[in-house]
1. Any lysines with Cα under 26 Å of the Lys270 Cα? List them, leaving off those in the same chain fewer than 8 positions away.
2. How high is the relative contact order of the chain, given as a whole-number percent (alpha carbon pairs under 8 Å, six or more residues apart)?
3. Only four residue types carry charge here, +1 at the Cβ of Lys and Arg and -1 at the Cβ of Asp and Glu. Report the dipole size of the chain about the Cα centre in Debye, rounded to the nearest 20.
4. Run the reach check for Lys183 against aspartates and glutamates, Cα to Cα strictly under 20 Å, same-chain hits fewer than 8 apart removed. What comes back?
5. Grab the DSSP H runs of the chain that are 4 residues or longer, score each as -39,500 (n - 2.57), total them, divide by all residues and round the 222 nm result to the nearest 500 deg cm²/dmol.
6. Which angle from 0 to 90°, rounded to the nearest 10, does the C-alpha axis of helix 259-274 make with the longest principal axis of the chain?
7. For the stretch 33-178, what number of Lys pairs, 8 or more residues apart or on separate chains, have alpha-carbon atoms under 14 Å from each other?
8. Find which of Tyr87, His29, Gly122 sits farthest along the positive direction of the dipole of the chain, computed with +1 on the beta-carbon of Lys and Arg, -1 on that of Asp and Glu, about the Cα centre.
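What follows is calculated from the coordinates using simple rules that are stated; it is not laboratory data. Quantities reported herein were computed from a predicted structural model and do not represent experimental measurements. Counting neighbours? That spans all protein chains shown, and the Cβs are built from the backbone with ideal geometry, glycine included.
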Amino acid sequence: MKDRVVTFVLFTFNEEKRIAFAVKNFIKHGPVLLLDGGSTDRTQEIAESLGARFLKRPQSARAAVETKENLDFIKENSETDWIYWGYCDNIAPRTLVAEMVRVAADDRFKKVNLPLFTYLWGDTDNVAQKSYLPALFHKDFIDFSHNQIHSFGEFLGEDHQILTLPATPAFALRHFSTYNVAKYVTGYMRYGEEEARQKFERGERFSVVKLLAAMVRYLWIYRRALRSPRLGLLIALNMAFGRLMTYTRLYEYEHGITLDSIEEAYAKKKRILLEDFD
């Protein structure tokens, strides 16, 4: 097909409940390549039955970060110049997929910022967050060599080669973020750990002002969730709590706080209290 100018890459790990939706979303418009992190369910079987190609992605100590190793692996295993860097919880309307293919075929631009509408806690009547994801790009114009968490590498082109699509329903990826409170707390901590470690390694230290500013910022970012007042309040507070987890972990890095150090501090105090028993 002449319009197969984009390789639609999907990062997966045990996605049997969602993979069919994601593959069907793109398979008629270009090759779909799964980069899997070791699924043990039916992800591979379902994806391949729908025409997708399944590969195990390179091992990485930075699972929460977009890496050069993954991009190099994609380049080795795709024939198109353009890459869609995607996930199984994102679904694109047909108008957006057609626009992605059109922009890639035209090739005036080298990176496309896609609008991202996020649903949370199963509420599909209200968009909890609107943002942008630079998930469509020419493979030779993005460098992930020094990428950090929540970032998307360095763009190697010029500003006029970046296209930002309008944040309208016709052009917006829909992000179906599957969280309840248990999954959110345990899952988000993986990101909090990585982000705190990177902050500490860059020389950033804990600040009450930065913590409070980050929490307020997240309350603002997720203000749209309040259209469902009770659930929306819980969503916004949970997202702000995510910032609290990250900055608490940064404080622990700064002060060398671990479970072992806590036990040692307690042991010293216990020895003092027990001196009266000698």
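1. Lys270 reaches no qualifying lysines.
2. 17
3. Taking the Cα centre of the chain as origin, the dipole is about 960 debye.
4. Leaving aside aspartates and glutamates fewer than 8 places away in the same chain, those within reach of Lys183 are Glu15, Glu16, Asp41, Asp89, Asp123, Glu193, Glu194, Glu195.
5. Using -39500 (n - 2.57) per qualifying helix, the result is -13500 deg cm²/dmol.
6. Here the helix axis deviates by roughly 10 degrees.
7. 4
8. Ranked along the dipole, the leading option is Gly122.
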